[in-house]
Amino acid sequence: MLVLVMAASAMTMSGQTLNLTLDECIRIALNDNPSIIVADMEIQRVDYSKKEVLGQLFPQVNFVANYNRTLAKQTMVMMDQEFKVGTDNQHSVGFQGSLPIIVPALWKSIKLNDNQILQHIEQARSSRLSLVNQVKNAYYALLLARDSKRVIEKNHETALLNASVFQQQYEIGVASEYDATRAKVAATTLEPSILDAENSITALKLQLKVLMGMDVGVDIEPVETLDDFKYKVYENTLNVDTSLVNNTSLRQLDLQTDYLKKALKVQKMSWAPNLNGTINYMWNSMSNGSPFKNFNWNPYSQAGLALTWNLFSGGQRYYKQKQAEIAVREMKWQRENLTRGLNSQVQTQINSIKSDLKQIESNAASVALAEKSDNIIQESFKMGVGTFLQLQDTQNALLGARLSYYQAIYNLLVAQSDLELLLGNAPLSKYGVTTDNKHTK
């Protein structure tokens, strides 16, 4: 990966072209795309949040310092005589510590943080799956634009050659001026299509570079064509696994359900008492007059236990618990509905792939017939038998057949990529991505 990044930097400086395969584009994107970097940072952030909660199980130590000035001393009455008691100044400094001993709600809340980390790990995996899908579709679109441009250019070259032949025949009186003019027009009308294809290629390259997190100044060029993926398409279609076990939406929903179940347990633990240990070590000083002198420090220390048991809170805990129970039951129905919808989408994608496979076979046969017909007309034309309309019809048929053929391959590749995203089974490990749960260990 570092080699590819360094190569891209060198290409920017030299103005050369970086040739990339689809797998190389995906690896660069998974390494440099900002959304993936942010997703990984979010996992680290939640990991720190878990450590913050764990810190509540450790002793808490505070340094405290207090000063009180008596404005009016207390008066005591004894035997009809009044006495003023107390001192002008009270100072106290020292340390106060506490240690949670029995805190059921806090213990259960730690499990919530584990679940949150797992949710963010799955969200990061979802971001990677989506990015792989976007890169693939952008790469396939770029290949389609390049192959379409190549087909149109080939047709344009043939049209120019035919126009030249018609012009020569017109000059010697064999062809009419109408045929010569129509041949020139036929060649000229293809030029805007070539320009549109070039603009599409430029735009798709920019899109692909943005997805890869690459400098737009780097010139990239795919080294593959749609035909290179043709046989892989059939192999992948035959071996497709339609199980939803890796679907990221279902996995995230399951993690959310698990989170709500753990949150319900935390809510139930709010009924339990809490026991905390306390310890204080302080120094006190009491004096009259100026608060900045006549100090007389005397140490004292305390240790104890503090039991807290909330017996009544106006029904708040009861109704919070009922809300949590309903939320858990809701997730069951949401999962059932989501599973039904996903199965429908999978079947739709499978049907689309089967249709695209048939379309490729049909278009391939159409291309072969169009090429045969074009060869026949070209030979007839050379012998002066074929007419311009016959020539134009076969050229248009051949152009349409070739474009439809590549469009069918593109449609199938995109359908497979979308199915892969839906099933969540993109081979991320193939691109150097690990999906372990090390953050929860």
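Beyond 21 Å between alpha-carbons counts as too far, so tell me which of Lys154/Lys358; Lys108/Lys261; Lys50/Lys332 fall in that bin.
Lys154/Lys358; Lys50/Lys332
Filter the cross-link list Lys51/Lys320; Lys184/Lys209; Lys136/Lys262 down to pairs whose alpha-carbon distance in this structure exceeds 32 Å.
Lys184/Lys209; Lys136/Lys262, as the Cα separations exceed 32 Å there.
Measure nothing but the geometry: give the 0 to 90° angle between the long axis through the Cα atoms of 388-423 and the longest principal axis through the Cα atoms of the chain, rounded to 10°.
Orientation of helix 388-423: about 20 degrees from the principal axis.
Note down the nm distance, to one decimal, between modelled labels 7 Å out along Cα→Cβ at Trp271 and at Glu191.
Here the answer is 8.5 nm between the modelled labels.
Once the Cα atoms of helix 2-14 and of the chain are each reduced to a long axis, what angle between those two axes, in degrees from 0 to 90 to the nearest 10, is obtained?
Compared with the principal axis, the helix lies near 60 degrees.
Pick the calculated Rg and Dmax of the Cα atoms in Å for this structure from (i) 38.7, 148; (ii) 19.8, 60; (iii) 21.2, 67?
Structure-derived value, by its label: (i).
Given the options Gln90, Gln407, Gln267, which has the most mean-square fluctuation in a GNM of the chain, springs set between C-alpha atoms less than 10 angstrom apart?
Highest fluctuation among the options: Gln90.
Helix 104-171: angle to the longest alpha-carbon principal axis of the chain, degrees 0 to 90, nearest 10?
Computed tilt is about 20 degrees.
Express in whole angstrom the spacing between the alpha-carbon centres of the range 22-67 and the range 120-160.
35
Packing-wise, with mean Cβ within 10 Å as the measure, how do 411-419, 297-305, 334-342 rank, highest first?
411-419, 334-342, 297-305
Dipole of the chain (Lys/Arg Cβ +1, Asp/Glu Cβ -1, origin at the Cα centre): which of Ala163, Ile326, Asn280 lies farthest to the positive side?
Asn280
Relative contact order for the chain: what percent, with Cα pairs under 8 Å and sequence separation of 6 or more?
25
So which residue, out of Ala175, Ala65, Ala263, gets the largest mean-square fluctuation from a GNM of the chain using Cα contacts under 10 Å as springs?
Highest fluctuation among the options: Ala65.
Cut-off 10 angstrom, C-alpha nodes, Gaussian network model of the chain. Which of Val135, Val185, Val77 fluctuates the most?
Most flexible of the set in this elastic network: Val77.
Where a number appears in this text, it was derived from the coordinates with a stated rule and is not lab data. These numbers come from a predicted model, not from an experiment. Backbone-built Cβ (ideal geometry, glycine too); neighbour counts: all protein chains shown.
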